[in-house]
Amino acid sequence: VQRQDMGSVQKAIYDSLVGRYRAAFQVNVQDRRQFDRIGRIAMYLLEAATNPMLLVAGSDSDDVPAFQHPPLDIRGDERLLELLERYSLYEMPWKYVAIEAIVRGAQLAGEKVLIWSNFVRNIRLLARHLAAFSPAIVHGGIPSIDAASSSAATTREAELDRFRNDPHCTVLLANPAACGEGVSLHHWCHHAVYLERTFNAGHFLQSQDRIHRIGLNPDVITRYTLLLSRRSIDESVDGRLRSKGDALSVLMDDP
């Protein structure tokens, strides 16, 4: 786990959001009408803890339906608006800096890295940020070979093949919903990095299986790096996923 404080501007943006939405989480569990709104607020907090610039854009057209949400409604909140306008001028999200360092180190070691993000906009931004590493990209907007039109620039299968076999392609940027069961990368990649995670334990556990399979050489070390912004929703998600994972291992009698 790699924990780090958010930059001062990012932290101010995050704290402003928490102040705005704190009351929304004090809802009676019987009030189902609030659940959708709470889910949307959680999306905003996840974005703010990773890259606040996502807040002004809203969801990407290629996000899965569960992640569709409108841009943050500023509603004349001048402090928050000013912070968002200034953010890209003063800070680079620390998670982006950490990922670039990890990918650069892996390239020097002759290794490949899988980067997971649930938000397609993060994948698009990281693709530009990591262009020197010829990233392969798999998300909802990249069609499978069976669904691709003749004009499609690429397919998921082609991107995965490039990641596996092209020595110049040292990083795969992927979305758990689009790179699920049936995708095996354990012979080519032994390090996965999570830009952010949600409370969906199923997606997290399935994503781990992409680079780990029973029968791997015991000398192979599989690594998972979790990027967590301190004092943010990232730590709440981490706690919940650990609890769910522990409960599942007890249920299945499988440590």
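The values are calculated or read from the model by the stated rules, or taken from the named source; none is laboratory data. The structure displayed is predicted, hence computed values, not measured ones. Heads up, the Cβs are rebuilt from the backbone with ideal geometry, glycines too, and the neighbour counts pull from every protein chain shown. Heads up: the accessible areas ignore ligands, DNA and RNA and are worked out on the full protein's heavy atoms, side chains in. Shrake-Rupley method; radii C 1.70, N 1.55, O 1.52, S 1.80 Å.
A few comments on the model shown:
- Accessible surface, the chain, averaged per residue in Å² (probe 1.4 Å): 51 Å²
- On Cα atoms only, tilt of 8-21 relative to the major axis of the chain in degrees: 60 degrees
- Short-range pairs are left out: with C-alpha atoms under 8 Å and at least six residues apart, the relative contact order of the stretch 43-128 is 32 percent.
- Mean silhouette area of the chain, derived from the convex hull of its C-alpha atoms and averaged over all directions, reads 16.0 nm².
- Carbon and sulfur %, accessible surface of the stretch 134-245 computed with the full protein complex present, 1.4 Å: 51 percent
- Modelled spin labels at residue 2 and residue 248, positioned 7 Å past Cα toward Cβ, are 2.4 nm from each other.
- Test item: Cα-centred dipole of the stretch 89-221, Lys/Arg +1 and Asp/Glu -1 on Cβ, debye: 220 debye
- If R0 is 41 Å, the Cβ-Cβ spacing of residue 235 and residue 150 corresponds to a FRET efficiency of close to 0.30.
- In a simple Cβ point-charge model (Lys, Arg +1; Asp, Glu -1; nothing else charged), the chain has a dipole of about 420 debye relative to its Cα centre.
- Label-point separation in nm, residue 104 to residue 73, each point 7 Å along Cα→Cβ: 4.2 nm
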